[in-house]
Amino acid sequence: MDIPPLKDLSLHKILHDKTLRKGISMVLWRLFSLVLTFSSSVWVARCLGPEEMGRSGFILATGSQVLLFLVVCPNTFAIRLAKGSNCSADAIASIVTARACMSILYLVGLGIAALCGFIPASWSMLVLIGFLYPVLIALDAGWLLQAQENQPAQYKSGAVLAVVGFAYAAIFIRPGGYAAEDLTSRMLSTFAGLAAAWWFTRKGTPFRYIKLTKWRRAVKAFWESRILLLTEFVVYVFIGLELPMLAYLSTVEELGMYRTAVQLVSAGNSFLIMLPMLYYPRFIEWRKISSIYLWKMQKRFFFAAVVGVIPVSLVTLAVGPWAYGLVFGAEFGPAGLPFALLLVSKLVVVINGIFAWGLWARSKDGAMLGVMVVVAVFSLCSNLYFIPLYGMLGAASINLASEVLMVCLTIWAAKKNIRKDELDLYEAENR
C-alpha cells in the first residue's frame, strides 16, 4: 500500500491551503459572535437573577431532551450521507423529512398534554413561548453547510443568531425581568440563525425538502443512523443531563447560576472545537488513503493541542472564578469555580474531538458508541451521587472527569481499530 511520505504530512503544508483561509474566516466570525453572546448573557443574567434564569433554563433543558427524539438522523450521519451523494436533493430530503415527521409527533403530543392539563399553570406561559425551540434546532442546516465544506457560512449564521439575541436583550430586557423574556429572545434568535443557515446553503428552505410521501426513505435513513442516534443519546446523558438533574436534585436558583456558566462556556466551546469540525471532511479523505495516514495526522494534532491546553487550563483555574464573580455579580459568584472547571472541560474536548471525529470518519460508529456508553454510565452514576452533596460544583467536576476519561478511551479505540496490516507497517517504521 502506498502511503504518502512523512514530509507530505507536514502541518505547514496542510495549513497553507484553503483550510487556512476557512479557519481565519471562522475565527473572525466566531470572535464577533462571542463578543455579542457574552455581552447579552451578562446583561440578561444581571436583569433576571438566578431564579428566573433557572426557570427559563429548565424549559431549554427540557427542550434539549425533546431534541434527542427529533434529530433521528444525527448530524454526523447527515454529513456523511450528504457528502457521499454530493449534497443531492434526495439525501437532503431524507434527513429533513425524518426530522419533520418526529417534530409533528412531538407537537401533537405536546398539544394533547396541554389539553389534558398535564402542564402546570405556573409553567404554561413558558411552555407556550418555548415549545418550538427544539423544532427549530432540529431543522437547522448546520450539518448541510459542513457537508458542503462551507463552515465559514455556518459561523456567519451563528453571528446572525448572536446579533438578534443581543439586539433583543439590549432593547427589551430590563432589570427585574422575567424568564419569558429570555425565552422569547432565544426563540427569535434561533429562528434567525436557522433562516440564515438555509440561505447560505443555496438550497432553498427546509420546507422544500419535507416530503411526507417519501416516509420510507426517511425510515431507511433513520435505521441506517441508529447506532449514531444511540450515541447521541448517550452523549446527552453525560453532558446535557446535568442541567435538569440540578433542578431535580438541587434548586432552581442553583440551576440558574450554573446555567450562566454553561451558557458562557458553550458559546466558547463552538470556537474551541472548530479544528476537529473543520477537519472532519478531511479526516474522511485521509482515511481513504489509509488508516495509518489518518492516525499519523491525529497524533500531530494531539501533541499540538496538549501543548496549548495545559497552560491555558492552569490560567483558567487560577483566574476564572474571580473574573466570573466580577462580571456577573455577587448573586452568581458561587458559580465561579464551576465555570472554570467547565471551561477546562471544553479545552479537553478539543483533544477528544481529534480522535472521536476520526473514528466517525472511519465509520467506526460502534466503537464510538461503546466509548460513550462507558463514559455515560460513569457520568450518570457520579452525578446522582455528587450533585445532592455538592450541587453545581459536583456537576462541573464530573463533567471534567468524564471528558478526560473520554480522551483516554478514544485514543485507545482509534489505535485499536487500525487495520492489523497497517498497524504492523506503522510499528515497523517507528522502531
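Nothing in this text is a laboratory measurement; each read-out follows from the coordinates by a stated rule. Quick caveat, the model's predicted, so the values are computed rather than measured. Every residue, glycine among them, receives a Cβ derived from its backbone with ideal geometry; neighbour counts consider all protein chains shown.
For this structure, a couple of remarks:
Table: residues versus (1) hydrophobic (A, V, I, L, M, F, W, C); (2) in contact with a helix residue (DSSP H, G or I) (Cβ under 7 Å, 6 or more places away or on another chain); (3) at positive phi; (4) touching a residue at least 60 places away in the same chain (Cβ under 8 Å).
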site: 68; (1), (2), (3), (4): yes, yes, no, yes
site: 78; (1), (2), (3), (4): yes, yes, no, yes
site: 86; (1), (2), (3), (4): no, no, yes, no
site: 91; (1), (2), (3), (4): yes, yes, no, no
site: 101; (1), (2), (3), (4): yes, yes, no, yes
site: 110; (1), (2), (3), (4): yes, no, no, no
site: 122; (1), (2), (3), (4): no, no, no, no
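- Long-range neighbours under 8 Å by Cβ, at least six apart or interchain, first residue within 20 Å of residue 360 (Cα to Cα) within region 286-310, second among the charged types (D, E, K, R) and not in a helix (DSSP H, G or I): 287/362; 291/362; 291/419; 294/362
- Here region 323-373 is the region considered, the condition is being among the polar types (S, T, N, Q) and crowded, with 21+ Cβ neighbours inside 10 Å, and the residue that is farthest from residue 291 (Cα to Cα) is 345.
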